[in-house]
Amino acid sequence: KTPPTKTDYIEGQNFDKTGMVIEVIYKNGYTKAISDYTITNGTNLKTDQTVVTISYEDKSVTQAITVEKNSIVELKIKTTPTKTAYFEGQNFDKSGMVIEVVYKNGSTKITSDYTITNGTNLKADQRVVTISYGDKTVNQSITVEKNNIVGLKIKTPPTKVEYKEGQDFDKTGM
């Protein structure tokens with residue numbers, strides 16, 4: 001008699017009968033509202049589903065619905081990585097970072113199945129790395145300093161270290 005208040009859903013949601021009035025019609029024309037009907041295929045709705053079936057005794061009727069894909073609406077950095085300061089040439093370290101996926105139906109999940117772009121061989125003055133999952137991205141702030149040379153050191157001395165005046169220096173082995 002009266003359709004439910006809600007007919008548009010996101011996949012995974014359950015049919016909501018709020019506002020729906022089901023009425024049986026008897027052969028003599030008498031009608032009566034009932035509440036002890038059953039709903040078939042009303043849980044965990046699928047994107048290709050267009051109706052739910054309402055049954056009472058041996059009769060049934062369908063209620064039209066639309067079910068939209070439960071798409072990702074946002075990617076969040078729930079916990080920032082342990083390390084955010086780098087020297088140029090280092091690679092981004094995701095240790096400690098927790099990424100949360102937020103879906104259209106309000107559900108969330110933690111994922112480690114994300115990709116990091118611009119996270120290898122970091123450049124001086126780089127400010128962010130980009131985390132991607134599905135078609136969404138989020139930026140993690142970082143600082144990258146120039147990796148200046150602060151000195152030189154002879155790790156292994158040259159093979160020849162004694163010379164006679166006028167000989168050229170030989171760097172072999174150094």
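The residue that is nearest to the chain's Cα centre (by Cα), among those in region 29-51 that are open to solvent by less than 70 Å² (accessible area, probe 1.4 Å) and closer than 16 Å to Pro3 by Cα, is Gly42.
Whether a residue is surrounded by 13 or more Cβ atoms within 10 Å (Cβ to Cβ) and either closer than 30 Å to Glu11 by Cα or in contact (Cβ under 8 Å) with a residue 40 or more places away in the chain (or both) was assessed, and Val102 passes this test. Which of the residues that make up region 1-28 are closer than 30 Å to Asn70 by Cα, part of a strand (DSSP E or B) and open to solvent by 80 Å² or more (accessible area, probe 1.4 Å)? Passing the criteria: only Asp8. Pairs are defined by a Cβ separation below 6 Å, a sequence spacing of at least 6 or placement on different chains, a first member in region 16-30 that is more than 15 Å from Tyr56 (Cα to Cα), and a second member that is surrounded by fewer than 11 Cβ atoms within 10 Å (Cβ to Cβ); the pairs so defined are Thr18/Thr5; Gly19/Thr5. Out of Lys94, Lys146, Lys109, one residue alone is within 30 Å of Gly12 (Cα to Cα), without any contact (Cβ under 8 Å) to a residue 60 or more places away in the chain, open to solvent by 50 Å² or more (accessible area, probe 1.4 Å) and not aliphatic (A, V, I, L, M). It is Lys109. Taking region 130-145 as the range and being over 13 Å from Pro81 (Cα atoms), touching a Ser or Thr at 6+ places or on another chain (Cβ under 9 Å) and either assigned to a loop (DSSP other than H, G, I, E, B) or acidic (Asp, Glu) (or both) as the test, the residues that pass are Gly134, Asp135.
The values are calculated or read from the model by the stated rules, or taken from the named source; none is laboratory data. Just so it is clear, the structure is predicted and the values come from calculations on it, not from any experiment. Because the Cβ atoms are built from the backbone with ideal geometry, glycine has one as well, and the counts that use them run over all protein chains shown. The area values use the complete protein model at the heavy-atom level, side chains included, leaving out ligands, DNA and RNA. Shrake-Rupley method; radii C 1.70, N 1.55, O 1.52, S 1.80 Å.
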